[in-house]
Amino acid sequence: MTKNKKVFLNGEYLPIEKANVSVMDRGFLFGDGIYEVIPVYNGYLFRFDAHLERLENSLKLTHIENPYSRDEWREIMLPLIDAKKDQYIYFQVTRGVAEKRDHAFPTGVKPTVFMMCNDITPFDGKEAGVKAISLEDTRWSMCNIKAITLLGNILLRQQAVENDCAEAILVREGYVTEGAASNVFAVIDGILITPPKSNFILPGITRDVILELADANQVPYAEDIISLDALKTASEIWFASSTREILPVVELDGQLISGGKVGRLWHTMNDLLQTYKTTYANSSAQ
Ligand SMILES: Cc1ncc(COP(=O)(O)O)c(C=O)c1O
């Protein structure tokens with residue numbers, strides 16, 4: 001924890017040491033809340049509207065009141081950002097502090113809003129590629145909500161780490177859903193494929209950007225189901241997320257992918273993403 005780091009809590013900017021939440025907060029007792037993560041490049045909030053749209057959807061699906069308009073959310077974020085660094089805004093909204101612990105929604109409570117900004121540190125081993133493990137997707141069936149209740153994801157990521165892997169590839173009834181904290185892409189028979197949006201995956205913003213870049217640059221792509229068997233024949237596999245960007249997989253379940261080397265399309269797509277980020281930061285109005 002960085003000492004004196006400024007964070008936002010319920011309408012105030014405070015040093016992180018002074019930002020306290022009640023033990024009766026529904027986020028603490030039940031994990032009853034949702035969150036968002038927005039990358040910030042050169043001080044620009046990357047795909048702000050797409051992230052806010054996903055936040056609004058998570059709030060709607062959980063029946064938590066949205067305390068702020070999009071403009072107000074942006075205003076709250078700006079003082080936390082250091083424009084000289086690549087950073088990300090993390091923010092969460094819980095249902096609030098209730099008088100007693102009861103599963104059903106309390107009445108008359110105000111949501112708790114917490115926000116902080118952290119540096120993005122480049123992911124170790126990105127250029128060389130990472131190892132992945134396939135695991136049964138044991139999570140619930142509302143994975144399209146960006147819920148703070150991440151126990152399922154945490155247990156799966158931990159299992160990956162304990163197997164010397166950077167991430168897990170989750171499989172439900174024989175088909176790939178996503179990573180523990182990322183979306184999955186595969187190149188199969190020369191086509192870039194990612195599972196379609198559904199209640200079994202989080203609709204990743206990086207995922208959308210990759211599909212748009214593929215479309216604009218004549219990369220053949222499809223949003224389609226991928227069986228674990230088909231994934232094992234892939235010439236490339238990637239994870240995609242806001243903080244790790246596009247992470248190439250060079251080994252799955254102990255078997256080399258693309259000969260254990262980072263694939264050609266990953267280099268192309270990674271270059272396209274880096275250029276897009278720079279162009280975006282230089283052109284968008286904040
Ligand atoms: C389960 C899950 N899927 C996908 C993603 C990727 O989403 P995004 O690209 O918006 O970061 C994340 C990001 O944290 C995630 O937790």
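Looking across region 224-243, the residues that are small (Gly, Ala, Ser) and either within 22 Å of residue 270 (Cα to Cα) or buried (at least 22 other Cβ atoms within 10 Å of the Cβ) (or both) come down to 234, 235, 240, 241, 242.
Considering 64, 76, 38, the condition of being among the β-branched types (Val, Ile, Thr), out of contact with any His (no Cβ under 7 Å at 6 or more places or on another chain) and closer than 29 Å to residue 198 by Cβ is satisfied by 64 alone. Could you grab the pairs with beta carbons closer than 8 Å, sequence gap of 6+ or different chains, first residue in region 136-154 and under 21 Å from residue 227 (Cβ atoms) and in the same structural domain as residue 198 (by TED's automatic domain parsing), second one away from the ligand (no atom under 11 Å from the Cβ) and β-branched (Val, Ile, Thr)? Between residues of region 136-154 that are under 21 Å from residue 227 (Cβ atoms) and in the same structural domain as residue 198 (by TED's automatic domain parsing) and residues that are away from the ligand (no atom under 11 Å from the Cβ) and β-branched (Val, Ile, Thr), the close pairs are 136/171; 137/171.
When residues in region 117-127 are screened for being surrounded by 14 or more Cβ atoms within 10 Å (Cβ to Cβ) and away from the ligand (no atom under 15 Å from the Cβ), 2 of them pass. The number of residues in region 252-263 that are part of a strand (DSSP E or B) and surrounded by fewer than 18 Cβ atoms within 10 Å (Cβ to Cβ) comes to 2. Does residue 38 count as closer than 28 Å to residue 204 by Cβ, aliphatic (A, V, I, L, M), in contact with a strand residue (DSSP E or B) (Cβ under 7 Å, 6 or more places away or on another chain) and part of a loop (DSSP other than H, G, I, E, B)? Spelling it out, it is not the case that residue 38 is closer than 28 Å to residue 204 by Cβ, aliphatic (A, V, I, L, M), in contact with a strand residue (DSSP E or B) (Cβ under 7 Å, 6 or more places away or on another chain) and part of a loop (DSSP other than H, G, I, E, B). Counting only strands (runs of 3 or more DSSP E) that fall entirely inside region 128-223 and contain at least 3 residues that are surrounded by fewer than 21 Cβ atoms within 10 Å (Cβ to Cβ) and more than 10 Å from the ligand (Cβ to nearest atom), the qualifying elements are 130-136, 221-223. Among the residues that make up region 64-74, is at least one of them outside the structural domain of residue 245 (by TED's automatic domain parsing), of a type in the set (Ser, Thr, Tyr), part of a loop (DSSP other than H, G, I, E, B) and free of Cβ contacts under 8 Å to residues at least 60 places away in the same chain? Checked against the condition, which is being outside the structural domain of residue 245 (by TED's automatic domain parsing), of a type in the set (Ser, Thr, Tyr), part of a loop (DSSP other than H, G, I, E, B) and free of Cβ contacts under 8 Å to residues at least 60 places away in the same chain, region 64-74 yields at least one hit.
The values are calculated or read from the model by the stated rules, or taken from the named source; none is laboratory data. Keep in mind that what you see is a predicted model, and the values were worked out from it rather than measured. Don't worry about glycine lacking a Cβ; one is built from the backbone with ideal geometry, like all the others, and counts go over all protein chains shown.
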